[in-house]
Amino acid sequence: MRDPGREAGGGHGPGGPEKPGGPSAVVLRRLEAHDDRSGFSCGQPDLDRYFHRFAGQHARRRVSRVCVAVLGREIIGYSVSAPGQVEATELPAQVARRLPKYPLPVLRLARLAVALAHQGHGIGRLLLRNVLREAVALRDRHGCVGVVVDAKSEAVGYYAAFGFRRVEVVAGQIQGETGATIQLFLPIKTIERALGPGAGGCASPLKAT
Ligand SMILES: CC(C)(COP(=O)(O)OP(=O)(O)OC[C@H]1O[C@@H](n2cnc3c(N)ncnc32)[C@H](O)[C@@H]1OP(=O)(O)O)[C@@H](O)C(=O)NCCC(=O)NCCS
């Protein structure tokens, strides 16, 4: 299983050195009004279109949290997350067993994308780890039983390598610009174990060191 808690800068191949422009040079922060989003391309037209046309409004109106990975002045990746809820019956049985039978709070990762030229350098992992840290912080403040990802079918393998498993979440499913997605879930206990102690104490903006 791929480890979301592995520190940035550790490289991607087994024991391999970090590639130029890899995670340790990257800053994570909220999308800001002055950011130039027009040149971003991850190779998925709907994710690019969302970022070019809607991410600015969503960030400004705080509909969701739009986090960007920035290298120099270039945006090389983004994530979109927002609180949501799931029914206990929609969760894996071993997670649901000890939970009440009413809607439970989760953090939803609605979109994750890395610019084509920067894919495979650990930027996706960095953005994902940041979302997982937000989930732990959310749990500490208001409650959160895990992270639900609205994954495109071709990206399911990426999340599965981090331990995400398929669930049948209906309520709060995010469609629209990205079309139908497959819901995957990672329990908060697994997240906390992967990130280690004090995982929820993240500040923003985050320097990826
Ligand atoms: C999927 C995506 C976010 C991953 O980000 P990234 O920065 O390229 O990935 P990372 O560098 O963190 O991880 C690289 C690892 O993931 C694997 N990987 C990348 N995309 C994958 C996929 N679609 N399925 C399975 N594994 C994948 C790589 O083989 C690599 O494996 P390794 O660590 O064993 O060498 C990025 O490739 C992307 O934006 N793709 C296009 C848009 C997309 O599909 N977004 C997800 C929508 S839900």
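Read the figures in this text as sums done on the coordinates, not as results from a lab. Since the model is a prediction, treat every value here as computed from it, not as a measurement. Positions of Cβ are generated from backbone atoms using ideal geometry, with glycine treated the same way; all protein chains shown enter the neighbour counts.
Of note:
- Amide H to amide H distances under 5 Å link ILE76 with ALA69, VAL70, LEU71, where only residues 5 or more positions off or on other chains count and H is placed in the peptide plane.
- LYS189, LYS101 arranged by Cβ crowding within 10 Å, fewest neighbours leading: LYS101, LYS189
- In the range 23-198, taking the dipole from charged Cβ atoms about the Cα centre, the farthest positive-side position among LEU109, GLY84, ALA55 is held by GLY84.
- With neighbour counts taken as other beta-carbon atoms within 10 Å, the residues TYR102, TYR50, TYR159, TYR78 rank, fewest first, as TYR102, TYR50, TYR159, TYR78.
- The slack in the chain from ARG165 to ALA117, taken as 0.36 nm per residue of separation less the alpha-carbon distance, amounts to 14.4 nm.
- 9 Å beta-carbon shell around SER79, net charge (K/R +1, D/E -1): +2
- With K and R counted +1 and D and E -1, the other residues having a Cβ less than 9 Å from that of VAL66 yield a net charge of +3.
- Amide H within-cut-off set for ARG111, under 5 Å, with H built and near neighbours excluded: VAL80
- HN-Hα J in Hz across the range 70-82 - Karplus 6.51, -1.76, 1.60, θ = phi - 60°, x for Gly and Pro: 10, 10, x, 10, 8, 7, 10, x, 8, 9, 10, 9, 7
- Each Lys and Arg adds +1 at its Cβ and each Asp and Glu adds -1 at its Cβ; summed about the Cα centre, the range 60-149 shows a dipole of about 220 debye.
- Arranged from fewest to most other beta-carbon atoms within 10 Å of their beta carbon, SER38, SER24, SER64, SER81 become SER38, SER24, SER64, SER81.
- Sequence-distant residues sharing a close amide H with VAL106 (under 5 Å, placed H): GLY84, GLN85, VAL86, VAL145
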